[in-house]
1. Looking at B:Ser258, B:Ser268, B:Ser272, which is the one that is away from chain A (no Cβ under 14 Å), touching a residue at least 12 places away in the same chain (Cβ under 8 Å) and of a type in the set (S, T, N, Q)?
2. Anything in the range B:417-462 that is surrounded by fewer than 21 Cβ atoms within 10 Å (Cβ to Cβ), among the charged types (D, E, K, R) and farther than 14 Å from B:Ile481 by Cα? List them, or say none.
3. Starting from the range A:155-177, take each residue that is over 15 Å from A:Asn139 (Cα atoms) and list its partners that are of a type in the set (D, E, K, R) and part of a loop (DSSP other than H, G, I, E, B), counting only C-beta distances under 7 angstrom and pairs at least six apart or across chains.
4. State which residue is nearest to B:Phe487 (Cα to Cα) when the search covers only the range B:18-36 and only residues that are facing another protein chain (nearest Cβ under 7 Å) and aliphatic (A, V, I, L, M).
5. Could you check how many residues of the range B:421-443 are more than 19 Å from the chain's Cα centre (by Cα) and at pLDDT below 90?
6. Take the conditions within 17 Å of B:Leu213 (Cα to Cα), of a type outside the set (Phe, Trp, Tyr) and either out of contact with any Asp or Glu (no Cβ under 8 Å at 6 or more places or on another chain) or assigned to a helix (DSSP H, G or I) (or both) and apply them to B:Val456. Does it pass?
7. State the number of residues belonging to the range A:24-35 that are buried (at least 20 other Cβ atoms within 10 Å of the Cβ), free of Cβ contacts under 8 Å to residues at least 40 places away in the same chain and either farther than 20 Å from B:Asn103 by Cα or more than 10 Å from chain B (Cβ to nearest Cβ) (or both).
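The values are calculated or read from the model by the stated rules, or taken from the named source; none is laboratory data. Values in this document were obtained by computation on a predicted structure and should not be read as measured data. All Cβ positions, glycine included, derive from the backbone under ideal geometry; neighbour counts span all protein chains shown.
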Amino acid sequence: MREKQLLGIIWKCNLCGFCPKDMECPGYDEDTRWESSFARGKVSIVHAIMQDPDLRFQNSELAKERLFSCTGCGHCEYICPSGVDVPSIIYLGKKKLVEADNYPEAHKKIVENIKNHGNPFGETQPRDASWPNLKGNVNADSIYYPGCMAIYRIPEIALHTLKLFEKLGENIKVLKNETCCSGILYRTGHNELLYDLTNSMLNEIRENIPKQIIFTCPGCLTAFKEIYKSELKEKFEDTKLLHFSEYLVDKISKLGDLKSKINELLKTTIKGPIIWHDPCHLARGLGIYNEPRAILDAIQLPYAEFNQTKEDSNCCGSGSGVRSAYPELAEKTTIQRLEEVKELGAHTILTACPFCEYQYKSVVEKNRYDINVIDLNNLLSELISLL
Amino acid sequence: MIEPSIKAKLKTIVGDKYLSDDPVELYCYSHDLVSRALSWVDDNYRIMADLVVKPDNADQVKSIIDLANEESLKIIPRGAGTSYGGQFLPIEGGVVLDFSRMNHIIKIDTEDNYAIVEPGVLYKDLGKVLRNTGRGYWIPCNPGSADVCTIGGMIANDASGESAIKYGTTKDYVLNLKTILGTGQKVQLGRQVKKTVAGLDLLSLFVGSEGTLGVITEAALEFLPLPESFVTILGYFDSIEVAVQIAKEIKEMIIPMSIEMVDQLVLSGMNSYLSRLTPKMVLKIAKAAILVRLDGDEKTTSDYANRIKNLFSRNQHASDIKILRGLEHEYIWKARDGAGPSLLRIRRPEKNPSSLIPAILDFSVPYSKIYNLMEQFGEIMRSHNLIFTRMGHLGDGNVHFISTVTLKSKADVQKMGDLQEQLVTLATSLGGSVSAEHGCGIWKAPYLGTVLGEEVVELMGKIKSIFDPNNILNPGKMYSINKLAIFSN
């Protein structure tokens, strides 16, 4: 989005203060309750940065901490009566701080890793060795885009997803020039790198336009669907961009009689009760929350809901580089969610976002919660293996 | 600029963690919508607090006020910062007193039906506790900012909203206040009783004084039994004039909890908000709509809901009349409460800032003059080619107008001031007030002389000097015409 447009959005915020000041805003500091720590304050900070001739705001440590501690979950936008696109305003502020070289060290590392290795983790191997050889599918007109987290950190997601594609008989391929979607660059204020770092991948797509690209990471889907559109003018007019749950929802019966194995699954692999977590980018950002539920209903999996769900759901605490720059803040938010899981009596969090899963899992492990976390595709794949 | 030694003393009082002099934090505490937009084109509106402190208890507040008197500091008490009049703006710099830490509910007494709270308690949080106490209770003053405002802010502004026609304003629920005056003296105003005529009513004087006489450290508020049921009657009308007439007919039949009118642009704003709350609920876009909210026992509310529905139905200008209950009832009032903020969507995104014209947000006139006010307001706004909306709590003659002015230069600021003057003249010529419920702050203070008479404003100033002789509390508001307030350079 152009700066001029974003300035217009700033003026839509009337500082009414209706934005969340509790667990609905991961960045809000419950202890000290400073104005700068919730959405209205953050909009004010960006405003101050935009009229900052002596650069005292642009070079401020507090401005850095406040803006870069926003996970971009968008809950404030959902709650705002004016529907102000607060995350975009905050991205603009981050961009200005990046221009002043005032941004977290952890993000410098992420940027370097994406520049040098095509992924934010700095992994040098292209992907996990257990990946099946998909070279035979070069003529497929469907692409699976697993995203860095599923390639390098939770390969089970990608492997189980490939198993589901196989069961459905979908002829798919992965991109030869696959690289990080770079959504994280946009969300951390490095918009100017987007073109260079995604161009060869996007050229590959442009040269042989696929029928559909299917994603398991809502963040990557958002990058393709929204960030490339606004920043690179790339609209993918002839290609469907789908989250796996959207792709699967009307094909679920083809996976077999999965509902007949639910009881067995709950007795063996998964400890119930299960609770469904709506990932922010998926549910609030892209409006995809009925599809995963339709899949769960189709297989007759009993599951509980959080107190706030769908577009109103709360963030897991990861996102927009907060996990890397401010791990304690991310963990605090995740713990709030895990406490809610405990209160609601659930033992397994089921979700459809590798970032949410990874964040939950690491906090569960660190804090010894008796809670499991599983991706929807893993669960489906496990059911298939019981057939 | 505050001396480091004074800053150190303040740190000792509240603790390191609860004092900020960071320019970023100070900026966040220093603007409302209007000043922020004006600051973009005019340096005179670049307001900045010197410090923000967060006291934890009354003793800390007293120490801060004592220090302020010794060192000539200005103190700006602040609740949630959700008022529209610039009440919380530190226009002369100074120390913002943020009450977010003083947020404890001290006592709920169901024997005598009162709650004792600290000023930073959110109205929403107190409401939740009261709803879940015993048979269920509430404090029904219900301002539009009910989800976010603090009790201290409500008392300081005598806040009210859609239910004022039946339930009055915040002052009707304040039994007593513990305060620290501008002199530093601790004073309790009022008794724990509903009725008292023992002496001058200083409690009422204090409520609505916008933090200019003293600082509230504790409040006792009366609460009422929660009604058994709520119901809303919604009707659309093909003219505002008819809507205003029919509201009068309702008032002759019953005093409902609310009678609200919204125009077509407000309906669009409500739809935009509703689309996020419940996509199934879409309001019709009509010239005007009336929402009547009834509360009470099931039978009575149902009977009156049907009578009001029949009243609407008999009117040839009415259409799509509905009775809303349950979730539909809740959603429509949530959308109505968010209508003010959602209306700011009427501004197209553009590089230049737009500002609300603050004085026109909140007028009240005698009921018989409501339609005149709306019509003449429309004529003035049309003559300036401005988009505008009209809405209000028709039941009590309180009308809210919203319009924004695009600011490209200092000259636009002046034009905005002239327009504001014109509209204030209109409201006062109809026997009205420039502030029905939003307070005076700085944006309406200059017009108090016109509305009340200069001699009355002078008397107010004399009262202020008794409570706050050194003028340390919330300076530049209500009693004085500040350069910011008159949009004049």
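1. Among B:Ser258, B:Ser268, B:Ser272, only B:Ser258 is away from chain A (no Cβ under 14 Å), touching a residue at least 12 places away in the same chain (Cβ under 8 Å) and of a type in the set (S, T, N, Q).
2. Of everything in the range B:417-462, those that are surrounded by fewer than 21 Cβ atoms within 10 Å (Cβ to Cβ), among the charged types (D, E, K, R) and farther than 14 Å from B:Ile481 by Cα turn out to be B:Asp418, B:Glu455, B:Lys462.
3. If the second residue must be of a type in the set (D, E, K, R) and part of a loop (DSSP other than H, G, I, E, B), the pairs left are A:Pro155/A:Asp128; A:Leu168/A:Lys251.
4. Restricting to residues being facing another protein chain (nearest Cβ under 7 Å) and aliphatic (A, V, I, L, M), the top hit is B:Leu33.
5. Residues in the range B:421-443 being more than 19 Å from the chain's Cα centre (by Cα) and at pLDDT below 90: 1 in total.
6. Judged against the criteria, B:Val456 is a match.
7. 1
One line per residue, one yes/no per condition, for (1) of a type in the set (A, V, I, L, M); (2) closer than 30 Å to B:Arg293 by Cα; (3) buried (at least 20 other Cβ atoms within 10 Å of the Cβ):
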{"residue": "B:Pro358", "(1), (2), (3)": "no, yes, yes"}
{"residue": "B:Asp362", "(1), (2), (3)": "no, yes, yes"}
{"residue": "B:Met381", "(1), (2), (3)": "yes, no, yes"}
{"residue": "B:Arg390", "(1), (2), (3)": "no, yes, yes"}
{"residue": "B:Ser403", "(1), (2), (3)": "no, yes, yes"}
{"residue": "B:Ala411", "(1), (2), (3)": "yes, no, no"}
